[in-house]
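The values are calculated or read from the model by the stated rules, or taken from the named source; none is laboratory data. It should be emphasised that the depicted structure is a prediction, and the values quoted were computed from it without experimental measurement. Here the Cβ positions follow ideal geometry from the backbone for every residue, glycine too, while neighbour counts run over all protein chains shown. Ligands, DNA and RNA are stripped out before the accessible areas are found, and what is left, the full protein with its side chains, is counted by its heavy atoms. Shrake-Rupley method; radii C 1.70, N 1.55, O 1.52, S 1.80 Å.
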Amino acid sequence: MFQVIGGRSVPAARLLAPRSAVLVEAVRGRKSRTDPVAKSKEGRIKVPPPVDPVEMVVLKERYTEYQLIMSALRLEFKEEVLRKKYEEETGSQAEERVRQEAEEHRSLMAWNNEENLQISFCQEAEEAQRKKIEAAIQREQEQQEFIKEKEREILQLQEEVKNFITVENLDQRIEEALDNPKNYNFAIDKEGRVVKQTALQ
Amino acid sequence: MPRYELALILKQMQRPETAAALRRTVGTLMERGALVRDLENLGERRLPYRMTKHNQRHSRGTYFLVDFYAAPSILTGFMDHLHRDVDVVRPTVLKKDTHVPHRNCCGPQNVVSKLDDDVLQRVG
C-alpha cells in the first residue's frame with residue numbers, strides 16, 4: 001500500500017499532486033505545534049486519498065516488471081563495461097601485445113643510438129680539425145698585423161726624428177717658439193659649430 | 001722610452017731672459033739623456049690664480065709645452081732642479097696621451113657621436 005504522508009492537508013496535497021513545476025516542501029506556516037486548532041477545522045478527520053484496488057494491483061505488477069527489467073539492463077551494461085576493461089588490461093592478447101611493443105621500441109632505440117654515435121664521431125673529428133686550422137690562421141694573421149703595425153710606427157718615427165730638437169737646433173727652435181704662440185682653446189655650441197678664435201688674456 | 005710632457009710656467013720676463021731660461025731647461029733635459037721632441041709656446045697670459053714662488057707673487061706667466069722622451073729615473077732629479085730654478089713658477093710633468101680614448105656617452109647616440117667626430121676633425 002502507498003504510505004500515507006503525515007502532516008496537515010495543504011502540504012500533503014502539494015506533495016502528492018504538485019500543481020506547480022517545483023515540489024515545495026511541507027512548511028508549518030503561521031502556527032506552531034502548540035497552537036490550538038482553528039474553529040473551521042475542528043471536526044476534521046484526515047482521510048487518505050481513495051485508492052482503486054484493481055488499478056493498484058495492476059500498477060504494482062507493471063511497476064515491478066518495469067523496475068526489474070531496468071535494473072537488469074543496467075547491471076548488464078555495467079558488467080559489460082567492466083569486462084571490457086578487464087580484458088583490455090589483463091586479457092590473453094594484452095600480454096603479447098605489450099611484449100611485442102616493448103621489443104620493437106628497444107630495437108628502434110638501439111638503432112637510433114648507433115646512428116647518433118656514428119654521426120657525432122664524424123662531426124667531432126671534422127670540427128676539431130677545422131677549429132685547429134682556423135686558430136692557426138688567426139694567429140698568423142694577427143702576427144702579420146702586429147709586425148706591419150710596428151713597421152709603420154718605426155717609419156713614422158724615422159720621419160719625425162728630423163723635426164726633433166738637438167743642440168744645434170735649440171736656439172733656433174726657441175726663437176721660433178717665442179715668435180709663434182699657439183692657442184688650443186676653442187668654443188663649441190650644441191649644433192657643433194667650432195670657434196677657434198678666442199680672446200687670450 | 002715613455003713619452004712625457006712638461007707644462008712649464010715661466011715668470012713674466014723680457015724676451016732674452018725667457019729664451020735663456022728655456023735654453024737652460026731644455027739643455028738640462030738633454031744633458032740628463034732625454035730626447036726633446038717639440039717645444040710649443042702657449043703665450044703669455046694671466047694665471048688662473050696668483051701663485052707665490054721663491055718669495056715672489058706672480059699673476060702673469062708664460063706657458064710652454066715641452067714633449068720629450070726620457071727614462072723615468074731622471075724625472076725626480078729633473079723636477080727637483082726645476083723647483084729650484086728661480087724663473088720657473090710651476091713645472092708639471094705628465095705622461096703624454098697619444099691616443100684619446102673614445103668615451104661612450106649615454107643619451108641620443110646620433111647627436112653626440114656626430115659632435116665628437118666633427119670636433120675631432122676640426123681640432124685635428
Considering the stretch A:140-162, residues that are open to solvent by less than 100 Å² (accessible area, probe 1.4 Å) and within 14 Å of chain B (Cβ to nearest Cβ), and then whichever is modelled with the highest pLDDT, we arrive at A:Glu149
Among the residues of the stretch A:190-201, count how many are within 21 Å of B:Glu44 (Cβ to Cβ), at the interface with chain B (Cβ under 7 Å from one of its Cβ atoms) and either open to solvent by less than 90 Å² (accessible area, probe 1.4 Å) or at pLDDT 90 or above (or both).
-> 1
Selection from the stretch B:41-61 of residues surrounded by 14 or more Cβ atoms within 10 Å (Cβ to Cβ) and more than 10 Å from chain A (Cβ to nearest Cβ) yields B:Met51, B:Lys53, B:His58, B:Gly61
Per the list (1) modelled with pLDDT under 90; (2) away from chain A (no Cβ under 13 Å); (3) surrounded by 14 or more Cβ atoms within 10 Å (Cβ to Cβ), residue check on B:Asp38 breaks on (2)
For B:Val89, the lone unmet condition from (1) within 13 Å of chain A (Cβ to nearest Cβ); (2) farther than 24 Å from A:Val161 by Cβ; (3) open to solvent by less than 30 Å² (accessible area, probe 1.4 Å); (4) not in a helix (DSSP H, G or I) is (1)
Quick one: is B:Tyr4 buried (at least 16 other Cβ atoms within 10 Å of the Cβ) and either out of contact with any Cys (no Cβ under 6 Å at 6 or more places or on another chain) or facing chain A (nearest Cβ under 10 Å) (or both)?
-> yes
Across (1) more than 10 Å from chain A (Cβ to nearest Cβ); (2) in contact with a helix residue (DSSP H, G or I) (Cβ under 8 Å, 6 or more places away or on another chain), B:Phe64 clears everything bar (1)
Condition set more than 13 Å from A:Val167 (Cα to Cα) and open to solvent by 50 Å² or more (accessible area, probe 1.4 Å), scope the stretch B:8-31, selection nearest to the other protein chains (Cβ to nearest Cβ): answer is B:Arg15
Check on A:Gln129, open to solvent by 100 Å² or more (accessible area, probe 1.4 Å), assigned to a helix (DSSP H, G or I) and within 14 Å of chain B (Cβ to nearest Cβ) = no
In the stretch A:171-189, the residues that are at the interface with chain B (Cβ under 7 Å from one of its Cβ atoms) and either in contact (Cβ under 8 Å) with a residue 40 or more places away in the chain or among the small types (Gly, Ala, Ser) (or both) = A:Ala177
